[in-house]
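Shown next, in structure tokens, is the structure this report addresses.
The values are calculated or read from the model by the stated rules, or taken from the named source; none is laboratory data. All values derive from a computational prediction rather than experimental measurement. Note: ideal-geometry Cβ built from the backbone for every residue, glycine included; neighbour counts use all protein chains shown. Calculation scope for accessible area: heavy atoms of the full protein, side chains included, ligands and nucleic acids excluded. Shrake-Rupley method; radii C 1.70, N 1.55, O 1.52, S 1.80 Å.
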Amino acid sequence: MQRALELAKDGWGRTNPNPLVGAVIVKDGEIISEGYHAMLGGAHAEVAAFNNAKQDVSGATMYVTLEPCSHYGRTPPCAKAIVELGIKEVVVAMVDPNSKVAGRGIKMLEEAGIKVVTGVMEQQAKKLNEIFIKYITDKKPFVIMKTAMTLDGKIATGGGDSKWISGESSRTHVHLLRDRVAAIMVGIKTVLKDNPSLTTRLDSGGGKDPVRIIVDSKGIIPLDSKVITVDSTAGIILATTSAIGSEKEKLLMEKGVRIIKADGDDGNVDLGKLMEELYTLEIDSILLEGGGTLNASALDAGIVDKVMFFVAPKIIGGHNAVTPVEGEGRKLMAEAIRLKDMDLYRFGEDVLIEAYIEY
């Protein structure tokens, strides 16, 4: 199962909004084939393993990280293929949270006389597919708030300088994250200040650009912004409100920008409504790289699932220096947003703190 989980990771960023799945076929104590879900619309892990098999798989045991599907989606049901090819036992890490499957695949196998074992390395499998689980059960994207700050909690100096807080190793990892998620989201202040392209730049070349989402309540984004003009096949979404001018809206659409209006009661973009709209576009994950204002709004709206804070061994100081979460903040410590399941990682001299929001 450990091998199957490793294989599943090879599908990062290519299967959205489908899950990451790996499969291993074992016969007479030896691995005879492996497979993983490599791309949306492509063969599922089980079928890929069958296609890669160099010998008869009948009587073998299959290890798979997610319950085999039992319904016709973009591809035929994998459970049916498992039955037809004579697999005698299937070991499953986790039951599929998708209501279209949710135990039906296991039932189909058992009714065919196949032994099924579930729950093997289940927690590891759930962490691997945390994006898919949130997307398929809550019908909203999984949102990761990423920021880089100094040891004293600053993301820019009082004069606005922020290049570079984190080291090269940390920045490389962020581009791997961009390659994995469906979309990246920033606020209009970030666009006006830094004029980023929001593309993926990997040392090895290639990489997939995420859909670029700009939260801009008034629709003031310059038409010559890099995020609009950069050469990329990734889509651009302007999340705005009815306050955007009709002429500006027309010009943006002519440049290929999709407009989503999500009016909030305070005149700003309603981030909750925005998440619902993004779900309908099959955007299952968002890397939130906004500044302190957007980060505060995202936390207040309850859309953040996970935080990734890169902490650099630097101190800026200054009461005007910018912090990762601005806004009004909490008045009492008892109201502080709490985190759970925290992990620490090293990237060069930096430390990454990764944790989940406890709602």
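Quick one: of the DSSP bridges fully inside the chain, what percent are antiparallel, nearest 5?
Details: 26 of 63 bridges.
Looking only at bridges with both residues in the chain, the antiparallel portion is about 40 percent.
Per residue, how much accessible area does segment 51-187 have with a 1.4 Å probe, in Å²? Display every interim value, and only then the final one.
Values: 6110 Å² over 137 residues.
That works out to 45 Å² per residue.
Roughly speaking, to the nearest percent, how much of the chain's 1.4 Å accessible area is carbon and sulfur?
Working: 8670 of 17250 Å².
Exposed carbon and sulfur together represent 50 percent of the surface.
Would you pull out the residues with amide H under 5 Å of M94's amide H, same chain only if 5 or more places away, H placed 1.01 Å from N?
Counting only residues 5 or more places away or on other chains, the set is L66, E67, G119.
For segment 97-186, just run the numbers: alpha carbon Rg, then divide by 2.2 N^0.38 Å, N being how many residues it has. Walk me through the numbers before you get to the answer.
Numbers: Rg = 20.6 Å, N = 90, 2.2 N^0.38 = 12.2 Å.
Compared with the compact-globule rule of thumb, segment 97-186 sits at 1.69.
Charges at C-beta only: +1 for Lys and Arg, -1 for Asp and Glu. How large is the resulting dipole of segment 298-359 about its Cα centre, in Debye rounded to 20? Walk me through the intermediate numbers first.
Details: 7 positive and 11 negative charges, 32 e Å.
Dipole of segment 298-359, to the nearest 20 debye: 160 debye.
How would H37, H173, H319 rank on accessible area, largest to smallest, probe 1.4 Å? Numbers along the way, then the final one.
Numbers: H37 5, H173 35, H319 170 Å².
Accessible-area ranking of H37, H173, H319, largest first: H319, H173, H37.
³J(HN,Hα) across segment 174-189 via Karplus (A = 6.51, B = -1.76, C = 1.60, θ = phi - 60°), whole Hz, x for Gly/Pro?
4, 5, 5, 5, 4, 5, 8, 8, 7, 8, 10, 10, 9, x, 4, 4
Give me the net charge of K208's neighbourhood, meaning all other residues with Cβ under 13 Å from the Cβ of K208; Lys, Arg count +1, Asp, Glu -1. Write out the running numbers ahead of the final one.
Numbers: positive: R14, R178, R180, R201, R212; negative: D179, D209.
Surrounding charge for K208 is +3.
With all protein chains present and a 1.4 Å probe, how do M39, M185, M149 order by accessible area, largest first?
Working: M39 115, M185 0, M149 35 Å².
My answer, sorted largest first, is M39, M149, M185.
Kindly give the semi-axes, whole Å and largest first, of the ellipsoid equivalent to segment 230-359, taking each as the square root of 5 times a Cα gyration tensor eigenvalue. The partial results should precede the final answer.
Numbers: eigenvalues 186, 72, 55 Å².
Output for segment 230-359: semi-axes of 30, 19, 17 Å.
Please list, in order along segment 100-112, the HN-Hα scalar couplings obtained from phi with the Karplus expression 6.51 cos²θ - 1.76 cosθ + 1.60 (θ = phi - 60°), rounded to whole Hz, x for Gly and Pro.
3J(HN,Hα) across segment 100-112, in whole Hz: 6, 10, 5, x, 5, x, 5, 4, 4, 5, 5, 5, 8.
What is the spin-label model distance, in nm, from K100 to D265 if the labels are put 7 Å beyond Cα along the C-beta direction?
3.6 nm
With a 1.4 Å probe and all protein chains left in place, how much accessible area per residue does segment 228-341 have, in Å²? Don't skip to the answer; put the middle values down first.
Numbers: 6130 Å² over 114 residues.
That works out to 54 Å² per residue.
Stokes-Einstein at 10 °C, 1.306 mPa s, Kirkwood radius from Cα pairs: D for segment 1-98 in µm² s⁻¹? Walk me through the intermediate numbers first.
Values: Rh = 13.0 Å.
D, rounded to a whole number, is 122 µm²/s.
In deg cm²/dmol, rounded to 500, what helix-only [θ] at 222 nm does the chain give when every DSSP H run of at least 4 residues adds -39500 (n - 2.57) and the total is split over its residues? Spell out each step's value before the answer.
Numbers: 12 runs with 99 residues, N = 359.
Counting only the DSSP helices, I get -7500 deg cm²/dmol.
Calculated FRET efficiency, A336 and I31, Cβ-Cβ r, R0 30 Å, to nearest 0.05?
On the way: r = 49 Å, r/R0 = 1.62.
For R0 = 30 Å, the calculated efficiency reads 0.05.
Roll a 1.4 Å probe over the protein heavy atoms and report the accessible area of F347 in Å², nearest 10.
The value for F347 is about 40 Å².
Quick one: what Rg and Dmax do you get for the chain from the alpha carbons, in Å?
22.6, 69
Cα centroids of segment 289-355 and segment 142-165: how far apart, whole angstrom?
Taking the Cα centre of each part, segment 289-355 and segment 142-165 sit 9 Å apart.
Taking a point 7 angstrom from the Cα of W12 along the C-beta vector, which residues in segment 325-359 have backbone N less than 17 Å away?
Correct set: 343-348, 352-355.
With +1 on each Lys and Arg Cβ and -1 on each Asp and Glu Cβ, how big is the dipole of segment 116-248 about its Cα centre, in debye rounded to the nearest 20? Could you put the intermediate results ahead of the total?
Working: 19 positive and 14 negative charges, 50 e Å.
Using Cβ point charges on Lys, Arg, Asp and Glu, segment 116-248 gives about 240 debye.
Debye sum, Cα scatterers, segment 24-179, no solvent: what log₁₀ I/I(0) at q = 0.11 1/Å?
With one equal scatterer per Cα and no solvent, log10 I(q)/I(0) is -0.56.
Determine Rg/Rh for segment 44-134; Rg is computed over alpha-carbon atoms and Rh is the Kirkwood hydrodynamic estimate from the same atoms. Don't skip to the end; give the middle numbers.
Values: Rg = 12.5 Å, Rh = 13.2 Å.
Rounded to two decimals, Rg over Rh is 0.95.
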